[in-house]
1. Being within 26 Å of residue 42 (Cα to Cα), polar (S, T, N, Q) and surrounded by fewer than 17 Cβ atoms within 10 Å (Cβ to Cβ) is the requirement here; does residue 133 meet it?
2. Within segment 11-60, can you find the residues that are assigned to a helix (DSSP H, G or I) and farther than 22 Å from residue 89 by Cβ?
3. Select from segment 100-130 the residues that are among the small types (Gly, Ala, Ser) and either in a strand (DSSP E or B) or modelled with pLDDT of 90 or more (or both) and list them in ascending order.
4. Does any residue of segment 84-99 turn out to be assigned to a helix (DSSP H, G or I) and either modelled with pLDDT of 95 or more or among the β-branched types (Val, Ile, Thr) (or both)?
5. Keeping to segment 205-231, report how many residues are buried (at least 16 other Cβ atoms within 10 Å of the Cβ) and assigned to a helix (DSSP H, G or I).
6. Six or more apart or on different chains, Cβ atoms under 8 Å: show the pairs whose first residue is in segment 76-95 and without any contact (Cβ under 8 Å) to a residue 60 or more places away in the chain and whose second is among the basic types (Lys, Arg) and in a helix (DSSP H, G or I).
7. Within segment 167-204, count every residue that is free of Cβ contacts under 8 Å to residues at least 40 places away in the same chain, part of a helix (DSSP H, G or I) and either open to solvent by less than 50 Å² (accessible area, probe 1.4 Å) or of a type outside the set (A, V, I, L, M, F, W, C) (or both).
Amino acid sequence: MRKLGVNIDHIATVRNARGEDHPIPYVAALNAIKFGANSITIHLREDRRHINDQDLKIISGIPKLPLNLEIAATAKMLKIAIKHKPNFVCIVPEKREEITTEGGLNLKKNNKKLKHTINRLNNSKIRTSLFVNASLNDIKIAKKLGTKCVEIHTGKISNLVKKNKNYQKEFKKIKKCAVYAESLALEVHAGHGLDYKTTKILKKINQITEYNIGHFIIGESIQFGLKKVIKTFKKILK
């Protein structure tokens, strides 16, 4: 069964714009699960530009809510993750100046740091995922590092689809990576820039079992409601 993870970071973005308490991220988390999401994703960034520590504390404390915490591979973030024990952790690259995550992790450059982080999370019984580019070599390295899953960065194919450009080369690259990852007993996820159209395209890749979507879902929800948008994605993923 293909799963839908809903990233609620931008509920916090809207709240922070006024420096007040509304809208409330944990209410959005509860509603997203109620409307059919299989998990909730939040990214605790170094600069706390959207989700903050109090959000993490409250949301991680909601009974039976499947939580996927995105973090950078730093000692401070590792300590926070182990303290709050989310169900899942996805390790992502992070640059303070970026608007959004621009690509997958540099697995070669950060090999030792990532291996240490993954080992600690695995020992704490937190399922790990690495946010990677659509690269066969990166999939191979990810397996050696001991992660349980890979989430393939789908920003490039999403942009090509939105601009009505030929996306077949990127699609084939993602498919090859997904097939290879599955052959290594890695769970395969997809995320970044996904909308209805790109999700329909990627759904043809049977090895992708989870789609993590945030910006588009929150943006569409402003006009059409969270329930309707989640239901539409669930229908696409059937």
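The values are calculated or read from the model by the stated rules, or taken from the named source; none is laboratory data. Remember, predicted model here, so these are calculated numbers, not experimental data. A quick note on method: Cβ atoms are made from the backbone with ideal geometry, for glycine too, and the neighbour counts reach across all protein chains shown. Accessible surface is based on the protein model in full, side chains and every heavy atom, while ligands, DNA and RNA are left aside. Shrake-Rupley method; radii C 1.70, N 1.55, O 1.52, S 1.80 Å.
1. no
2. The first filter runs over segment 11-60 and keeps only residues assigned to a helix (DSSP H, G or I), leaving 11-18, 25-34, 53-60.
Those that are assigned to a helix (DSSP H, G or I) and farther than 22 Å from residue 89 by Cβ: 14, 15, 16, 17, 18, 27, 31, 34.
3. Of segment 100-130, the ones among the small types (Gly, Ala, Ser) are 103-104, 124, 129.
Across segment 100-130, the qualifying residues are 124, 129.
4. The initial filter retains those residues of segment 84-99 that are assigned to a helix (DSSP H, G or I), namely 84.
Retained after the next criterion (residues that are either modelled with pLDDT of 95 or more or among the β-branched types (Val, Ile, Thr) (or both)): 84.
Yes, the conditions are met somewhere in segment 84-99.
5. Total meeting the criteria: 9.
6. These pairs meet every condition: 78/120; 82/120; 84/57.
7. Selection size over segment 167-204: 13.
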